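Derivation of every value follows stated rules applied to the coordinates shown; laboratory data play no part. None of these values were measured; they are calculated from a predicted model. All Cβ positions, even for glycine, are placed from backbone atoms using ideal geometry, and neighbour counts span all protein chains on display.
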Amino acid sequence: MAPKVATTHPEAASVVQVLYDSTSSFAESLDTATIRKTAVTLCGDRASASNAAGLPFALAPPDVDVPAEAETFLKQLMCTANAAAASVLCGSILAGHTSDADDFGDVATYLGPGDYGQRHERDVLQLLGLEDATSTDNGTDVSLTATRPIELSSAHLIPRTVDVSIPGDAIKDLDSLLMRLEDRYAFCIPGPGVLVFYFLLGRDGGSRWMGLAGVGVHS
């Protein structure tokens with residue numbers, strides 16, 4: 001099982017698990033700095049205090065056990081998502097080319113069984129301790145109406161924030177992983193300052209919700 005560290009976002013009330021990988025060699029081909037930056041942004045500075053544990057690859061609620069087979073899938077999903085983003089010259093495959101900067105990568109997310117499909121975006125944010133870490137432009141707490149759906153490409157299964165004319169192998173590899181998730185959907189929500197938080201979620205054959213989380217910059 002991957003090492004797990006409980007961390008609290010400075011503006012969030014609940015604790016989030018950060019899953020780290022210290023054994024795989026996949027990190028050699030990834031921009032690990034952007035991935036770590038996303039984990040720190042979503043979970044707070046304490047996520048960077050455990051670098052010795054390895055590369056953060058997934059976030060999960062504090063009281064949820066992540067099965068070993070799900071961990072393996074989440075590692076593959078995180079790795080493939082970041083490789084796909086690099087192949088089309090963007091930082092996050094979720095924020096895509098709409099982001100004004102490529103400083104952030106994508107991490108996997110595991111929610112487990114439950115009602116986390118469309119129209120349950122607020123539940124997703126609460127589960128990950130992010131509801132109070134998001135804000136509107138005037139600094140007030142975000143409401144459900146502040147979440148915006150992100151259309152997924154019917155051809156590539158990734159958000160239409162990414163401009164893909166001819167998909168390469170990395171995009172196709174990500175498509176094949178996303179195909180294993182049903183009821184896929186994506187949404188974004190304003191974060192602190194110029195940041196926007198992105199999520200792509202779906203459920204596996206065991207009705208466990210999981211997917212990706214990323215950060216974009218909209219200045």
Query raised in the report: What is the distance, in nm, between label points placed 7 Å from the Cα along the Cα-to-Cβ direction at VAL64 and at THR32?
Result: 2.6 nm
Query raised in the report: To the nearest 0.05, how large is the calculated FRET efficiency for ARG160 and VAL194 if R₀ is 22 Å and r is the Cβ-Cβ distance?
Result: 0.55
Report summary line: Taking VAL107, VAL162, VAL88, VAL124 and counting other beta carbon atoms within 10 angstrom, the fewest-first order is VAL88, VAL162, VAL124, VAL107
Report task. Fewest Cβ neighbours within 10 Å first, please rank ILE93, ILE150 accordingly. Result -> ILE150, ILE93
**Report entry** Residue order, fewest to most surrounding Cβ atoms within 10 angstrom, among THR98, THR23
**Finding:** THR23, THR98
